[in-house]
1. Does any residue of region 162-169 turn out to be touching a strand residue (DSSP E or B) at 6+ places or on another chain (Cβ under 8 Å) and of a type in the set (Asp, Glu)?
2. Just to be sure I understand, how many residues within region 246-263 are touching a helix residue (DSSP H, G or I) at 6+ places or on another chain (Cβ under 6 Å) and closer than 15 Å to Leu299 by Cα?
3. With region 132-203 as the region, which strands (runs of 3 or more DSSP E) entirely inside it contain at least 3 residues that are touching a residue at least 24 places away in the same chain (Cβ under 8 Å) and within 24 Å of Val77 (Cα to Cα)?
4. If you take the residues in region 5-42 that are without any contact (Cβ under 8 Å) to a residue 60 or more places away in the chain and hydrophobic (A, V, I, L, M, F, W, C), which one is surrounded by the fewest Cβ atoms within 10 Å (Cβ to Cβ)?
5. Considering only residues that are in a helix (DSSP H, G or I), at pLDDT 95 or above and within 16 Å of the chain's Cα centre (by Cα), which ones fall in region 100-128?
6. Within region 73-87, how many residues are under 21 Å from Arg297 (Cα atoms) and in a loop (DSSP other than H, G, I, E, B)?
7. Could you please find all residues in region 137-149 being at pLDDT below 95 and touching a strand residue (DSSP E or B) at 6+ places or on another chain (Cβ under 6 Å)?
8. Can you tell me how many residues within region 288-311 are within 11 Å of Glu239 (Cβ to Cβ) and surrounded by fewer than 23 Cβ atoms within 10 Å (Cβ to Cβ)?
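The values are calculated or read from the model by the stated rules, or taken from the named source; none is laboratory data. Nothing here was measured: the structure is a model prediction, and the numbers come from that model. Backbone-built Cβ (ideal geometry, glycine too); neighbour counts: all protein chains shown.
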Amino acid sequence: MSAAPVRLGTRRSPMATAQSQQVADAITAYTGTPVDLVLVTSFGDVTRAHLTQLGGTGVFVNALRDELLSGSIDIAVHSLKDLPTTPAEGLGLVAITEREDPRDALCARDGLKFADLPSGARVGTGSPRRAAQLARQRPDLEFVPIRGNAGTRLDKVASGEVDAVVLAYAGLVRVGRTDDITDVFEPELLLPAPGQGALAVECRTERAVPRDLGPLGAVDDGRTRAAVTAERVVLAELEAGCAAPVGAYAECHDDRLRLRAAVVATDGSRAIHREGVVSIEGGDTGDITETATGLARQLAREMVEEGADRIVADAGARTGAPSPEV
């Protein structure tokens, strides 16, 4: 008798369903258990408000979490960068997939690169983090808040509404739109959002993992988990929302973990950067994650001493909300 399909909850957007299908296929490959996608509409998908006007964090994940808690779905897949750092009661992360390319990408008219955009060019982004860091590099550009899925945002370039948009490279890969990329931002220029490029699998803690999914850990990548945990600790220590102007990026190279973090004023006028490296030689996943967490807390404390918390608070006051990012 074959196992009943696992019900995997996902947002309805093309990007969300594409990435959820990747996880579903991996689960089936490792466990032999079929997985059915259950499409869920979140408040963040239907509201017409700009992201910086939405109160609180989690506008793209709360509907999925409600379905989990009600038992309507067995697991949910989230873009980790959308997931609030505060744990949800009754729910836990059972897997974080191997991270895809975490960088941000520019999609501009006429194949333009970022350095070649003319002064006054309109760059669309729903992310205060992206706008703040890029405004510091190019204060002569106009950064315009935009909404919609990747296709909708790219259409704004094609129609001439904006000269360029900035999107996550990994997301463009997932929806097959890499041909639209005209430039890719290295972390030295634009630090990614904490968790960008990684997917998180969440379920009810009372079950630990759903029935027949004991090997779900096979889709969990230990080094990715350690790296993104460090990034999210920086965000949590700064008491910042998912779309605050905070960038953080951790990399595991052989026996070292390198963490970089930045908080930038929304107008690009002030920036606080920190970087640290710790040894992870010989550690298992738990040890590496604990070491990475310690480094993240240290860097966050140093940033607060320089006023990073005030920059975050000022960004929230300007937008009227903690500002979840997509």
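1. Yes - at least one qualifying residue is present in region 162-169.
2. Total satisfying the criteria: 8.
3. Counting at least 3 such residues, we get 164-168.
4. Only one residue tops the list, namely Ala29.
5. none
6. 5
7. Within region 137-149, just Ile146 meets the criteria.
8. Of the residues in region 288-311, 2 are within 11 Å of Glu239 (Cβ to Cβ) and surrounded by fewer than 23 Cβ atoms within 10 Å (Cβ to Cβ).
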